[in-house]
1. Between a residue in the range 323-340 that is more than 25 Å from residue 362 (Cβ to Cβ) and any residue that is modelled with pLDDT of 95 or more, which pairs come within a Cβ distance under 7 Å, given they are 6 or more apart or on different chains?
2. Being in contact with a Lys or Arg (Cβ under 9 Å, 6 or more places away or on another chain) and of a type outside the set (A, V, I, L, M, F, W, C) is the filter; apply it to the range 210-233 and report the residue that is surrounded by the most Cβ atoms within 10 Å (Cβ to Cβ).
3. Return a yes/no flag: does the range 195-209 have any residue that is within 15 Å of the ligand (Cβ to nearest atom), buried (at least 24 other Cβ atoms within 10 Å of the Cβ), over 11 Å from the mean Cα position of the chain (by Cα) and of a type in the set (A, V, I, L, M).
4. Residues that are free of Cβ contacts under 8 Å to residues at least 40 places away in the same chain, of a type in the set (Asp, Glu) and either within 16 Å of the ligand (Cβ to nearest atom) or more than 21 Å from residue 264 (Cα to Cα) (or both): does the range 14-31 have at least one?
5. Do we find a residue being closer than 29 Å to residue 248 by Cβ and within 16 Å of the ligand (Cβ to nearest atom) anywhere in the range 143-154?
6. Would a scan of the range 118-132 turn up a residue that is without any contact (Cβ under 8 Å) to a residue 12 or more places away in the chain and under 18 Å from the mean Cα position of the chain (by Cα)?
7. Any residue at all in the range 80-90 that's crowded, with 21+ Cβ neighbours inside 10 Å, in the same structural domain as residue 166 (by TED's automatic domain parsing) and away from the ligand (no atom under 16 Å from the Cβ)?
8. Mind checking whether some residue in the range 321-335 is modelled with pLDDT of 95 or more and in a helix (DSSP H, G or I)?
Amino acid sequence: MKKEDILNFLDKKLDGDYAYDMGYILGSMCTEPLDFGKEVYTKYLHKNLGDPGLFKATADLENELIADIGELLNGKNIIGTFTTGGSEANIVAMRLARKSRPEIKDPEIVVPASAHMSFEKGADLMGVKVRKANLKEDFELNLEHFESLINKNTCGIVGIAGTTSLGLVDPIVKMAKIIDDKDIFFHVDAAFGGFVLPFLEKLGHEILPWDFRVKQVCSITSDPHKMGLGIIPSGGFFVRDASILEHAGFEIPYLAGGGFKHLHIVGTRPGGTVIAFWAIMNFLGIEGYKKIVKQCMDNTYYLAKRISEIKGVKLAADPVMNVLGITTESGRSVCEMDNEFRKKHWMLGKFMDLNLIRVVIMPHVTREHLSDFCVDLENIVKNLKLT
Ligand SMILES: Cc1ncc(COP(=O)(O)O)c(C=O)c1O
């Protein structure tokens, strides 16, 4: 085929995808990467960090970037790596937890019921048992139940800073106290919150410590491809100190660039996304991110207010970050509501276990999109007789 024909075909074919700027994507934690990042990525997309000896300068840049993001997470000399996303970072964390206690025959990790599915994936891959602590009525973690699940087989615990369903932050300090005298790996999943919470704090929001300020926290997931506006896929895994990684890497002796220890699930991995994110972070800076997070929060409060004015539905919880849950006042299932929204092309998250519809107010979501959404919400509530 001729190049021109191929490009025309692709344009037509891919027109079937949703685009962020259409306004309908209200249920995704990813967004349009920053244009400047795309530009830089295209220039460097051939770099392979699976063989870092060949791309030493890119590997240096990654380490520099990890340390910079580590500072944002209130750590010093933080090490770590880019990953394909939050799932890979969480699975790597689980593996470190398991490795840290080789004497445990039937290892377990304790997670809140709101934990992301990646911990189940990791458990399945590694033969680790996941024990899930209940949430309370208000969707916060039930700490007593969490503590009761910790036993001699517990090699790791997980706290979440920005839950997938509601963007809530677990009581990390209290969880840390529970394991203070125990040899248990503490991982914080801030895949979404990692590029929101630091800027919310700088904007004056009161957020309890959840990051490397809490000395028991061993590692953190924080994803550039969510609120960092990085290229998809760009995940991030951050570790407090090098000793944690000592026994964890897989030696790859035959690499052209020289022997290297792999921590990742993947072998070949992109350097272009890392370089692009270095550019994005340096371009936006703290002030740039603060502006983006503030705009998302302003839109979140706008939507929260509009929802509170519609009889028949309510917010599942007060928003901490730019994630909102909508549920029915009567307790009726949100499934019909979700179906009606889909007929009108709205793409939302449906959480059956919590009976809520999730809206993520990402940078691509405008006030106008939200206003249109609320008109449809009002009509759907009326038609379904939810009032
Ligand atoms: C809290 C949390 N952790 C992990 C993940 C997984 O991230 P990814 O889809 O990048 O693998 C998500 C995804 O939404 C998430 O919300």
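The values are calculated or read from the model by the stated rules, or taken from the named source; none is laboratory data. Just so it is clear, the model here is predicted, and its values are computed rather than measured. All Cβ positions, even for glycine, are placed from backbone atoms using ideal geometry, and neighbour counts span all protein chains on display.
1. Close Cβ pairs satisfying both conditions: 329/312; 329/313; 329/314; 333/355; 336/384.
2. Restricting attention to the range 210-233, the residues satisfying the condition of being in contact with a Lys or Arg (Cβ under 9 Å, 6 or more places away or on another chain) are 212, 215-220, 231.
In the following step, the residues that additionally are of a type outside the set (A, V, I, L, M, F, W, C) were identified as 215-216, 219.
Working: 215: 10, 216: 19, 219: 25.
Going through the qualifying residues, I end up with 219.
3. Within the range 195-209, one or more residues are within 15 Å of the ligand (Cβ to nearest atom), buried (at least 24 other Cβ atoms within 10 Å of the Cβ), over 11 Å from the mean Cα position of the chain (by Cα) and of a type in the set (A, V, I, L, M).
4. Within the range 14-31, one or more residues are free of Cβ contacts under 8 Å to residues at least 40 places away in the same chain, of a type in the set (Asp, Glu) and either within 16 Å of the ligand (Cβ to nearest atom) or more than 21 Å from residue 264 (Cα to Cα) (or both).
5. First, the residues of the range 143-154 that are closer than 29 Å to residue 248 by Cβ: 146-147, 149-154.
Remaining after also requiring within 16 Å of the ligand (Cβ to nearest atom): none.
No; the residues of the range 143-154 include none that is closer than 29 Å to residue 248 by Cβ and within 16 Å of the ligand (Cβ to nearest atom).
6. Checking the range 118-132: at least one residue is without any contact (Cβ under 8 Å) to a residue 12 or more places away in the chain and under 18 Å from the mean Cα position of the chain (by Cα).
7. Checked the range 80-90: no residue is crowded, with 21+ Cβ neighbours inside 10 Å, in the same structural domain as residue 166 (by TED's automatic domain parsing) and away from the ligand (no atom under 16 Å from the Cβ).
8. yes
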